[in-house]
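Peer 1: Structure incoming, see below.
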Amino acid sequence: MPARILSIGTAVPGTAIPQDRLRDFFIAQPQATRLTQRYLGAAFDAAGIESRHTALPGLRGAPDGVFVDDDGALLHPGTRVRNDLYRDVAPSLAEDAARSALGSGEIEPGEVTHLITVSCTGFFAPGIDYHLIRDVGLPVTVERSHLGFIGCAAALPALRLASQIIDGRPEAVVMVVCVELCSLHVTDTSDADQVVAASVFADGAAAALLTGHRDTGRPGGLDLGRFATALTDEGESDMAWTIGDNGFEMTLSAEVPRIIGREIRDAVATFLDDAPTPSIWAVHPGGRSVLDRVEKGLDLPPDALQRSHGVLRDYGNMSSATILFILQRLLEDPEVTGTIAALAFGPGLTVESALLHKGS
């Protein structure tokens, strides 16, 4: 039997900030020139986002002495300070998502046999996997894997690994947990890449439960089909994620949507082969311009990406967790049936793809 996603649980930090408030916060930064202010306004307003969640309450403009000073100006804490906050916040956010997935999937913690964790916004050991076992009550014998620093595309390789585990161990129950605190790496907006990053990235966690056994957990779900990976001919210098002295540094040029628009048709044609083009899509919303390029490049109808636009609108880009938020909406919508194509984009530029199926 194919691996299936029984359930998906999600969690976000308690601080939600409207997009226009974030825009005004960055425009008010003392180093922002008039040109930067105009660019910030255009980028934030065009992002297709209404609200984002963050682990940094100071982004509301209130001083916290670490990220925001008494005058409301961004500070520049070192990478250690940022990573310490990741270590404090990420485990509980991952736990909330995992517990939600267990509850809706009708699975007891003791039934989980494999745990795959995903993150690119922080590091520590013992890590998220250790805390999930201890705090959620997973068996101490759970077999663990971690996919780190793959970026926004990482959830689909994690689902692929889960599917491969289930192919070899049909009795397995696999938990995939993605947790990302992108806002920890906020910095000044003195260059175009940082403006783009500040306008879209947010914090969140998502957990998926998978099994191949039809009598395990709740019925139904999303059956996993084939997966594919493709590297585009260009994009290595346009989307990158590196570790700097003052946090992780994002390179996200304005070329990324155009590269995706040029490359997406060939990547998807190879992936789909002779299969009919699905009418339902789950596409990682790197930003509204990315979704627009995918829609145009694949000649999709306007409603094909409505869940992707909806998650972007409500949460922003939460890196690897985002695609699971979209799949959760498709999983829980009783009107959605049939084949679903999932796409996610990562540094390189990498295109990750998956075909899923939801029965009636």
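Peer 1: Does Leu224 qualify as being closer than 30 Å to Ala172 by Cα, open to solvent by 10 Å² or more (accessible area, probe 1.4 Å) and either touching a helix residue (DSSP H, G or I) at 6+ places or on another chain (Cβ under 9 Å) or not basic (Lys, Arg) (or both)?
Peer 2: Values: closer than 30 Å to Ala172 by Cα: yes; open to solvent by 10 Å² or more (accessible area, probe 1.4 Å): yes; either touching a helix residue (DSSP H, G or I) at 6+ places or on another chain (Cβ under 9 Å) or not basic (Lys, Arg) (or both): yes.
Yes: the conditions hold for Leu224.
Peer 1: Select from region 168-187 the residues that are over 21 Å from Thr211 (Cα atoms), modelled with pLDDT under 95 and not in a helix (DSSP H, G or I) and write down the one among them that is most open to solvent (accessible area, probe 1.4 Å).
Peer 2: Within region 168-187, the match that is most open to solvent (accessible area, probe 1.4 Å) is Thr187.
Peer 1: Within region 87-95, is even one residue open to solvent by 40 Å² or more (accessible area, probe 1.4 Å), in contact (Cβ under 8 Å) with a residue 24 or more places away in the chain, among the small types (Gly, Ala, Ser) and in contact with a strand residue (DSSP E or B) (Cβ under 8 Å, 6 or more places away or on another chain)?
Peer 2: The answer is no, given that none of the residues of region 87-95 is open to solvent by 40 Å² or more (accessible area, probe 1.4 Å), in contact (Cβ under 8 Å) with a residue 24 or more places away in the chain, among the small types (Gly, Ala, Ser) and in contact with a strand residue (DSSP E or B) (Cβ under 8 Å, 6 or more places away or on another chain).
Peer 1: So, one more: Within the set of pairs 6+ apart or on separate chains, which have a first residue in region 337-348 that is at positive phi, a second that is modelled with pLDDT of 90 or more, and C-beta atoms under 9 Å apart?
Peer 2: Cβ pairs passing all conditions: Gly338/Ile280; Gly338/His357; Gly338/Lys358; Gly348/Gly151; Gly348/Ala153.
Peer 1: While we're looking at this one, here's another question. Of the residues that sit in region 340-349 and are closer than 17 Å to Gly286 by Cβ and in a strand (DSSP E or B), which one is modelled with the lowest pLDDT? Don't jump to the end; show me each part of the working.
Peer 2: Step one: filter region 340-349 for residues closer than 17 Å to Gly286 by Cβ, giving 341-349.
Within this subset, residues satisfying the condition of being in a strand (DSSP E or B) are 341-346.
Numbers: Ala341: 94, Ala342: 96, Leu343: 94, Ala344: 94, Phe345: 89, Gly346: 86.
This residue is Gly346.
Peer 1: Then there's this: Within region 294-312, is even one residue within 13 Å of the chain's Cα centre (by Cα), open to solvent by 10 Å² or more (accessible area, probe 1.4 Å) and not acidic (Asp, Glu)?
Peer 2: no
Peer 1: Here is a list of conditions, (1) open to solvent by less than 10 Å² (accessible area, probe 1.4 Å); (2) farther than 15 Å from Gly204 by Cβ; (3) not aromatic (Phe, Trp, Tyr), and Ile326 meets all of them except one; can you say which number that is?
Peer 2: Unmet for Ile326, out of (1) open to solvent by less than 10 Å² (accessible area, probe 1.4 Å); (2) farther than 15 Å from Gly204 by Cβ; (3) not aromatic (Phe, Trp, Tyr): (2).
Peer 1: Go through (1) open to solvent by 10 Å² or more (accessible area, probe 1.4 Å); (2) touching a Cys at 6+ places or on another chain (Cβ under 9 Å); (3) closer than 23 Å to Leu330 by Cβ; (4) not in a loop (DSSP other than H, G, I, E, B) and name the single condition Ala205 misses.
Peer 2: Result: Ala205 passes all but (1).
Peer 1: Can you spot a residue in region 229-236 that is open to solvent by 20 Å² or more (accessible area, probe 1.4 Å), free of Cβ contacts under 8 Å to residues at least 24 places away in the same chain and out of contact with any strand residue (DSSP E or B) (no Cβ under 6 Å at 6 or more places or on another chain)?
Peer 2: Step one: list which residues in region 229-236 are open to solvent by 20 Å² or more (accessible area, probe 1.4 Å), which gives 229-234, 236.
So of that shortlist, the ones also free of Cβ contacts under 8 Å to residues at least 24 places away in the same chain come out as none.
Looking for residues that are open to solvent by 20 Å² or more (accessible area, probe 1.4 Å), free of Cβ contacts under 8 Å to residues at least 24 places away in the same chain and out of contact with any strand residue (DSSP E or B) (no Cβ under 6 Å at 6 or more places or on another chain), one finds none in region 229-236, hence no.
Peer 1: Okay, next question. Kindly indicate the residue of region 133-167 that is open to solvent by less than 30 Å² (accessible area, probe 1.4 Å), among the small types (Gly, Ala, Ser) and part of a helix (DSSP H, G or I) and also farthest from Ala205 (Cα to Cα) among those meeting that condition.
Peer 2: In this case the residue turns out to be Ser163.
Peer 1: Looking at (1) among the hydrophobic types (A, V, I, L, M, F, W, C); (2) over 23 Å from Cys182 (Cα atoms); (3) surrounded by 15 or more Cβ atoms within 10 Å (Cβ to Cβ), which is the only condition Ala269 fails?
Peer 2: With (1) among the hydrophobic types (A, V, I, L, M, F, W, C); (2) over 23 Å from Cys182 (Cα atoms); (3) surrounded by 15 or more Cβ atoms within 10 Å (Cβ to Cβ) applied to Ala269, the lone miss is (3).
Peer 1: Looking only at region 237-275, count every residue that is closer than 18 Å to Arg226 by Cα and in contact (Cβ under 8 Å) with a residue 40 or more places away in the chain and tell me the total.
Peer 2: 7
Peer 1: Moving to a separate point now. Inside region 332-354, can you point out the residues that are within 17 Å of Leu209 (Cα to Cα) and open to solvent by 10 Å² or more (accessible area, probe 1.4 Å)?
Peer 2: Glu332, the sole residue that qualifies.
The values are calculated or read from the model by the stated rules, or taken from the named source; none is laboratory data. Since the model is a prediction, treat every value here as computed from it, not as a measurement. Cβ atoms come from the backbone with ideal geometry, glycine included; neighbour counts cover every protein chain shown. The protein model used for the area step is the full one, side chains on, heavy atoms only, and it has no ligands, DNA or RNA in it. Shrake-Rupley method; radii C 1.70, N 1.55, O 1.52, S 1.80 Å.
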